[in-house]
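Notes for the one structure printed next.
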Amino acid sequence: MVYNSFVYLLLFLPAAVLLYHAIPSPVRFYVIPAASILFLSCFGPAGIFFVFADAAVLYLCTLFIGKKDEERKKACEGLDRKAKKAVRAQYDRKKARALKLGLILLFGILFATKYLEFFTGILNGILHAAGIQTIFTAPALPLPLGVSFYTLSGAGYLIDVYMGDSRPEKNFVKVFAFLCFFPTITEGPICRFGQLSETMFAGRRFSFEEFCAAVQRILFGLFQKVVLADQLGNLIREIFGNYGKYSGTAIAAGIILYTVQIYMDFCGCIHIAAGSAELFGIKLPENFRQPFFSQNVDEFWRRWHITLGAWLRDYVFYPVSLSRPLMELSKKLQGRIDPYYAALIPTSISLFAVWFSNGLWHGAQGKYIFYGLYYYLIMITGKLLTPLFRKFMPDEKDAGRGVRLFRILRTWLFVAAGMTIFRADTLRDAAAMLSGIFSRGAGLAGFGAAMSAAGITRIQLLMVFCGVLLMFVIGYYKERGTDIRQVIAARPLAVRYAVYLGLMAAIIVLGAYGTGFGANDFLYAKF
């Protein structure tokens, strides 16, 4: 059962929402974990087992940390400053052990289910190169649905409790519901407990206005997914799978179309997830903010998969930056080299940790690690050359329309090249495709041949183009401060329902369904 299936949209979700609003407010939230267990059961028992194990780890470790905080406060009463410091250090050590144990268990489950086979293969390769014939075999463990997403959410909650930014939750069911909330478990967004709990456990009353807004968002996401992303699936598979047969123009078109497809697919899924959550009165954090209007790669990643970037910033970049070795390095560099580069060197080390983690998080393959480091190299190169650029190029806020357009197109090229690495089967294939753009000739004949092989017509491609253009216009106005959803909500009832019915008709009539389309596969779900 996936978000764009009839079972989810017409049976599961309506039944869960009706039951939720029919139950008294104080215990209403219990519907959420029950519905989430039912949702997870569709993907096998392993998903329920592992998320339950993670919830148990979180519950016990955060309760222990909270208990030590309370004991420390009582123990410090009436003591002088020196004695308080000693007592705090004693309890902080106990809290730190609980934090480390919890993180080891959380990431240990993630490693065992997602990365063990990958690193076992690397180890065997190293041993073979050294002339050692020992072969290690990784046990075949099932990959739980959403383990990459809820592991980060859980780790963030554990760290927040340790740092005192969040209070430990004493109701295990709430911790479990936070981890396995069915709209977020497949593709996120990656949520913070304190952020999500404000609405998840409030038992808010039914609101017809919020209901309409939620349905509108689900329809918008379905349009992006079913009408736009899925229509391109066969064509993209044909070009990426058989790029050696096609011209450079066809390869370039395939890369651009994949960049469009993954955005429509991922963003569409987030809209469906957020709309589903809003039916329960639950607000999810935004995960996209018009990323393709970015003027540089740094800005792109502040707008794309926002919750992942925020997690890596708060729980990887800042801890590494503030670690003792980097703080000492920063002090040593001050006064010895240019202040800009003295600050950049420690920052570059922290950014390496961020982008290595970003790449590895996406998948247990070398190409994903390279994908993360690709963006790291672009960003570091840009930061190294910033003093030079400042002499010749205006700041973003002072740049004219032509300069801004140039920067947006330049960012598009960098992102499209990155998406080639992300989508290609291997790094060798990605390199061959990128070089083939320039070496395999131009002309639209190759692209036409790819369309024929994929079974996509010019009408279908024109329809996708018009749909993407519509999304661009909506994004453009949102970039300028006009939210189309709010504009529609302010229109008369007849106009609103005309929009809703129009979206439904477009999804039903123009959507990609049937064998071969892969309409039920969300691209980011496997990560």
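The values are calculated or read from the model by the stated rules, or taken from the named source; none is laboratory data. Quick caveat: nothing in here was measured; it's all calculated off a predicted structure. Here the Cβ is made from the backbone with ideal geometry for all residues, glycine too, and neighbour counts use every protein chain on show.
Test of understanding: among R390, R407, R401, R440, which residue is modelled with pLDDT under 95, under 16 Å from A253 (Cα atoms) and of a type in the set (D, E, K, R)?
R440
Provide a single number: the residues in segment 399-439 that are among the aromatic types (F, W, Y) and within 24 Å of L523 (Cβ to Cβ).
3
Check I37, I23 and return the single one that is among the β-branched types (V, I, T) and loosely packed, with under 15 Cβ neighbours inside 10 Å. Let's see the steps before the verdict.
Details: I37 fails: loosely packed, with under 15 Cβ neighbours inside 10 Å.
Among I37, I23, only I23 is among the β-branched types (V, I, T) and loosely packed, with under 15 Cβ neighbours inside 10 Å.
Is there a residue in segment 2-17 that is among the β-branched types (V, I, T), surrounded by fewer than 14 Cβ atoms within 10 Å (Cβ to Cβ), under 30 Å from the mean Cα position of the chain (by Cα) and within 30 Å of V227 (Cα to Cα)?
For segment 2-17, residues among the β-branched types (V, I, T), surrounded by fewer than 14 Cβ atoms within 10 Å (Cβ to Cβ), under 30 Å from the mean Cα position of the chain (by Cα) and within 30 Å of V227 (Cα to Cα): present.
Pairs, please: C-beta under 6 Å, at least 6 apart or cross-chain, first residue modelled with pLDDT under 95 and in segment 152-164, second crowded, with 23+ Cβ neighbours inside 10 Å?
That search, which allows pairs on different chains as well, returns nothing.
Which fully enclosed helices (runs of 4 or more DSSP H) of segment 226-345 have 3 or more residues being charged (D, E, K, R)?
297-303, 324-333
I'd like to know if segment 467-481 contains one or more residues that are small (G, A, S), surrounded by 14 or more Cβ atoms within 10 Å (Cβ to Cβ) and either under 26 Å from I239 (Cα atoms) or touching a strand residue (DSSP E or B) at 6+ places or on another chain (Cβ under 9 Å) (or both).
Scanning segment 467-481, I find at least one residue that is small (G, A, S), surrounded by 14 or more Cβ atoms within 10 Å (Cβ to Cβ) and either under 26 Å from I239 (Cα atoms) or touching a strand residue (DSSP E or B) at 6+ places or on another chain (Cβ under 9 Å) (or both), so the answer is yes.
Of the residues R401, R313, R336, which is in contact (Cβ under 8 Å) with a residue 24 or more places away in the chain and either out of contact with any His (no Cβ under 6 Å at 6 or more places or on another chain) or hydrophobic (A, V, I, L, M, F, W, C) (or both)?
When all the criteria are applied, what remains is R313.
Going by the conditions given, is V354 at pLDDT 90 or above and surrounded by 14 or more Cβ atoms within 10 Å (Cβ to Cβ)?
So V354 fits the description; yes.
Can we say K74 is in contact with a helix residue (DSSP H, G or I) (Cβ under 7 Å, 6 or more places away or on another chain) and either over 18 Å from K170 (Cβ atoms) or surrounded by 15 or more Cβ atoms within 10 Å (Cβ to Cβ) (or both)?
Spelling it out, it is not the case that K74 is in contact with a helix residue (DSSP H, G or I) (Cβ under 7 Å, 6 or more places away or on another chain) and either over 18 Å from K170 (Cβ atoms) or surrounded by 15 or more Cβ atoms within 10 Å (Cβ to Cβ) (or both).
Of all residues in segment 127-184 being part of a loop (DSSP other than H, G, I, E, B) and among the acidic types (D, E), which is surrounded by the most Cβ atoms within 10 Å (Cβ to Cβ)?
Selected residue: E169.
How about segment 381-496: which helices (runs of 4 or more DSSP H) wholly inside it have at least 2 residues that are hydroxyl-bearing (S, T, Y)?
Hits in segment 381-496: 401-423, 427-439, 458-479.
I'd like the full set of residues that are touching a residue at least 24 places away in the same chain (Cβ under 8 Å) and over 17 Å from D314 (Cβ atoms), limited to segment 353-369.
If the condition is that a residue be touching a residue at least 24 places away in the same chain (Cβ under 8 Å) and over 17 Å from D314 (Cβ atoms), then L360, H362, G363, A364, Q365, G366, K367, Y368 are the ones that fit.
With the requirement that a residue be more than 22 Å from I408 (Cα to Cα) and charged (D, E, K, R), what does segment 250-285 give you?
E278, K283, listed by residue number.
Report yes if F39 is closer than 30 Å to S207 by Cα, outside any loop (DSSP other than H, G, I, E, B) and at pLDDT below 95, otherwise no.
So F39 fails the test.
Kindly check whether there is at least one residue in segment 168-184 that is free of Cβ contacts under 8 Å to residues at least 60 places away in the same chain, over 27 Å from D92 (Cβ atoms) and out of contact with any strand residue (DSSP E or B) (no Cβ under 7 Å at 6 or more places or on another chain).
No; the residues of segment 168-184 include none that is free of Cβ contacts under 8 Å to residues at least 60 places away in the same chain, over 27 Å from D92 (Cβ atoms) and out of contact with any strand residue (DSSP E or B) (no Cβ under 7 Å at 6 or more places or on another chain).
Return yes or no: is Y3 in a helix (DSSP H, G or I) and of a type in the set (S, T, Y)?
Criteria not met by Y3.
For every residue, the table says whether it meets (1) touching a helix residue (DSSP H, G or I) at 6+ places or on another chain (Cβ under 8 Å); (2) surrounded by fewer than 17 Cβ atoms within 10 Å (Cβ to Cβ).
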| site | (1), (2) |
| --- | --- |
| Y340 | yes, yes |
| Y368 | yes, no |
| L388 | no, yes |
| R401 | no, yes |
| A417 | yes, no |
| T420 | yes, no |
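Give the residue that is surrounded by the fewest Cβ atoms within 10 Å (Cβ to Cβ), with candidates limited to residues of segment 224-249 that are among the charged types (D, E, K, R) and in contact with a Phe, Trp or Tyr (Cβ under 9 Å, 6 or more places away or on another chain). Steps first, answer last, please.
Within segment 224-249, the first condition is being among the charged types (D, E, K, R), and the residues that meet it are 225, 230, 237-238, 245.
Now restrict to residues that are in contact with a Phe, Trp or Tyr (Cβ under 9 Å, 6 or more places away or on another chain): 225, 230, 238.
Values: K225: 28, D230: 25, E238: 22.
Here the residue is E238.
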